[in-house]
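What follows is a single structure, written as structure tokens, with notes after it.
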Amino acid sequence: MNERMTYDLVVVGGGPAGMAAALKARECGVENIALIERASELGGILEQCIHTGFGLTYFGQELSGPEYADRFIKLVDKTDIRVFTDTMVTDVSPEKVVTCVNKKDGLMKLQAKAVILAMGCRERPRGALNIVGTRPAGVMTAGTAQKYVNLDGYMPGKKVVILGSGDIGLIMARRMTLEGAEVKMVCELMPFSGGLTRNIVQCLNDFDIPLKLSTTVVKVYGDQRVTGVDIARVDEKLQPIPETIEHVECDTLMLSVGLIPENELTVGAGIPLDRVTRGAVVDELRQTEMPGVFACGNVLQVHDLVDFVTMESQIAGEGAARYIRGELSDPEYIRPETGFGVRYIVPQKINIKDKKDVKLYFRVGAIYNNPRVVLECDGQVLSSKKKIKVAPGEMEDVLIPASVFDSLTPESRITVRVEV
Amino acid sequence: MEKQLTCVACPRGCSITVTLDGDSIVSIEGNACPRGKKYAENEITDPRRMVASTVKVNGGKLPVVPVKTSSDIPKNMIFDVMREINRVSVDAPVEIGQVIIPDVLGTGADIIATNND
Ligand SMILES: Cc1cc2nc3c(=O)[nH]c(=O)nc-3n(C[C@H](O)[C@H](O)[C@H](O)COP(=O)(O)OP(=O)(O)OC[C@H]3O[C@@H](n4cnc5c(N)ncnc54)[C@H](O)[C@@H]3O)c2cc1C
Ligand code: SF4
């Protein structure tokens, strides 16, 4: 292995997460950084998200995806971070050897002191669903349709039914409508939408596109091309009610039924995942259970807002810098617990010796109106914050102030719960 | 006449009912806070939206480049603006921020490129 192939830090994935992490690590003094991206440009999924609404929190501006990405691409360009594009990482080993391939250099093995995983997520494909019927053309994920329309300049259909009310589906309902397609409806299995309210209003209501809750697609028709689907309402057990089946004519069925973190490399390295988030188990610096390997962005937990991806990735970048400087020895962890209403918490563990403010990010399992978000430590309420509403579609957070850690022991129990 | 709105000023998404007499607002109900009232007033008197789409590129790396309105435009002009956007094409190279259509349909908003090509 020649000298060029050793790096202090290797970042896998050049989306907003990877860029922010690499930039922050550089700012914290890490000198020898490689940023590896399999696509031909940096930017990740943002390149196809041409709608506006990015950066409201981080920049206080309504940017499109490519504009948001461009701000970070320009910053990366100004540094000495070594960027590899068109380069696919195929393996990350416990010894922190990152194996990657590209056409020019062939197979490369990069030895790193620290690694940041920022591979993003992918859409749940049709195979994950139980729809009977034929397999004609015209069934695609909303993200694939988004790529066709926004990058390839090609309209994948004229009469569209969308299954799943995730944000990508909502965004595509509007996009297809603007380009002259008829979007007949968005069907959502659950009694609530998984998308942001803002998107329901501006993508569906603005164009009178019906959102059918507790409704699913039970059958697809068509030989070569989709000709229609059967939809049905579902009962409380999410089972279709046969008497409610209705036929809808369409040439395209778009699926927006959830995102899954892309963790093949993580699993390959032997890093444990959280059952709920399907991302790595991490501490407050976003360090996985494998010391020196960090994770951030959609590969860690599916985010709705890129602004939070950026902030999370800066934490990981700083964490990696501290690891490389040898500052992270001998941690003592506690694991915050999910109380009533809370599905998961990231980070899953906190080093109580670090004594810094820690923000816990979490999602709830159902919609609650006028709840309180309660943070408890050993039966004592640390904070109880009134909320107007919490919903599964919007990530929440609660702060543990640094001062709390003075009185904590490894046996202490921290709980986040919803109180209604 | 009554109009139903969903407030987007915060994630709660209150359903707001606005009662109208012609063009003037008689009452606003359902908002849990004053921000909802303001939102509803704007939505009734002058609803505005950003528009994002793509424009054909001649001789670029990709067939299209993304564009957006530089500021929001009246909501009822969305499809007119889309027609203008679909009528033009642009020669590569395109630079982020480049004005593709100045002052589209007299709205005061430019159509600008949001990526390089
Ligand atoms: C369709 C859609 C619409 C959205 N709309 C909004 C919105 O309106 N507002 C908002 O704020 N947020 C929005 N988001 C969320 C936001 O865009 C994402 O949360 C953000 O892009 C995630 O960043 P990331 O870097 O974690 O992942 P990504 O952007 O997915 O980047 C991951 C990168 O890693 C690369 N990669 C993966 N595996 C490998 C490998 N093995 N080797 C090399 N490279 C690899 C990928 O090519 C990719 O470039 C949207 C997301 C999607 C998908
Ligand atoms: S009215 Fe107030 S509480 Fe209700 S959604 Fe609007 S801003 Fe939120």
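Read the figures in this text as sums done on the coordinates, not as results from a lab. Just so you know, these numbers come straight off a predicted model, no measurement behind them. Virtual Cβ from ideal backbone geometry, glycine too; neighbours counted across all protein chains shown.
Determine, at each q value in 0.29, 0.30 (inverse angstroms), the log₁₀ of I(q)/I(0) that the Debye formula gives when each Cα of segment B:1-46 is one equal point scatterer.
-1.06, -1.13
Listing A:377, B:7, B:33, A:296 from the residue with the fewest other Cβ atoms within 10 Å to the one with the most, what is the order?
B:33, A:377, B:7, A:296
Going by alpha carbons, how many degrees (0 to 90, nearest 10) lie between the helix axis of A:16-27 and the longest principal axis of chain A?
Once rounded, the angle reads 20 degrees.
When a footprinting reagent is the concern and you count Cβ atoms within 10 Å, what order do A:368, B:39 take, fewest first?
Fewest-to-most ranking of A:368, B:39: A:368, B:39.
If you fit an axis through the alpha-carbon atoms of helix A:167-178 and take the longest principal axis of the Cα set of chain A, what angle between them do you get, 0 to 90°, nearest 10?
50 degrees
For segment A:185-197, take each phi angle, set θ = phi - 60°, evaluate the Karplus expression 6.51 cos²θ - 1.76 cosθ + 1.60, and give the result in whole Hz per residue in order, putting x for glycine and proline.
Values per residue, Gly and Pro as x: 5, 10, 9, 10, 4, 7, x, 9, 7, x, x, 6, 3 Hz.
Please compute the Kirkwood hydrodynamic radius of chain B from all pairs of different C-alpha atoms, in Å with one decimal.
16.1 Å
Only helical DSSP H runs with n ≥ 4 go in: add -39500 (n - 2.57) per run for chain B, normalise by residue count and round the 222 nm mean residue ellipticity to 500 deg cm²/dmol.
-5500 deg cm²/dmol
Would you give the gap between the C-alpha center of segment A:290-334 and the C-alpha center of segment A:67-102, rounded to a whole Å?
Centre-to-centre (Cα) distance: 17 Å.
In square nanometres, what is one fourth of the surface area of the convex hull spanned by the alpha carbons of segment A:330-420?
Mean projected area of the Cα convex hull: 5.3 nm².
Suppose a student asked you for the relative contact order of chain A, using Cα pairs under 8 Å spaced at least 6 residues apart; what percent would you report?
On the way: 1008 pairs, mean separation 64.4, N = 420.
Reported relative contact order: 15 percent.
Could you tally the net charge around residue A:10, taking each other residue with its Cβ under 10 Å from the Cβ of residue A:10, Lys/Arg +1 and Asp/Glu -1?
Taking every other residue near residue A:10 into account, the sum is +2.
For residue A:196, what residues show an amide H to amide H distance below 5 Å, using hydrogens built from the backbone and excluding near sequence neighbours?
The list, which skips near neighbours in sequence, is A:167.
Which of the three applies to chain A, rounded, prolate or oblate, going by the alpha-carbon gyration tensor with a ≥ b ≥ c and a/c under 1.5 meaning rounded?
On the way: a/c = 2.04, a/b = 1.31, b/c = 1.56.
Verdict is oblate for chain A.
Test of understanding: in a Gaussian network model of chain A with alpha carbons linked when under 10 Å, which of A:359, A:103, A:24 would top the mean-square fluctuation ranking?
A:103
Farthest toward the dipole's positive end in segment B:52-113, which of B:90, B:62, B:52, given Cβ charges of +1 (Lys, Arg) and -1 (Asp, Glu) about the Cα centre?
B:62
Strictly greater than 25 Å: what percent of every Cα pair in segment A:125-257 meets that?
Summing the P(r) of segment A:125-257 above 25 Å gives 17 percent of all pairs.
Report, in degrees rounded to the nearest 10, the 0 to 90 angle that the Cα long axis of helix A:306-324 makes with the longest principal axis of chain A.
Tilt of helix A:306-324: around 20 degrees.
Please arrange A:192, A:308 by how many other C-beta atoms lie within 10 Å of their C-beta, fewest to most.
A:192, A:308
With springs only between Cα atoms under 10 Å apart, run a GNM on chain A and tell me which of A:361, A:154, A:323 wobbles the most.
Highest fluctuation among the options: A:154.
Mind checking the mean number of beta-carbon atoms from other chains within 10 Å of the Cβ atoms in B:62-72?
Partner-chain Cβ atoms within 10 Å, mean over residues of B:62-72: 4.
Tell me the mean residue ellipticity at 222 nm calculated for chain A from its helices only (DSSP H runs of n ≥ 4, each -39500 (n - 2.57), averaged over every residue, nearest 500).
Working: 6 runs with 70 residues, N = 420.
It comes out at -5000 deg cm²/dmol, rounded to the nearest 500.
So what's segment B:52-113 giving for Rg/Rh, alpha carbon basis, Kirkwood Rh from the mean inverse pair distance?
0.96
Given Cβ point charges of +1 (Lys, Arg) and -1 (Asp, Glu) and nothing else, what value in debye, to the nearest 20, does the dipole of the protein assembly as shown about its Cα centre take?
Value, rounded to 20: 500 debye.
With chain A treated as a Gaussian network of Cα nodes joined by springs under 10 Å, which of A:252, A:177, A:134 yields the largest mean-square fluctuation?
Looking only at A:252, A:177, A:134, the largest GNM fluctuation is found for A:134.
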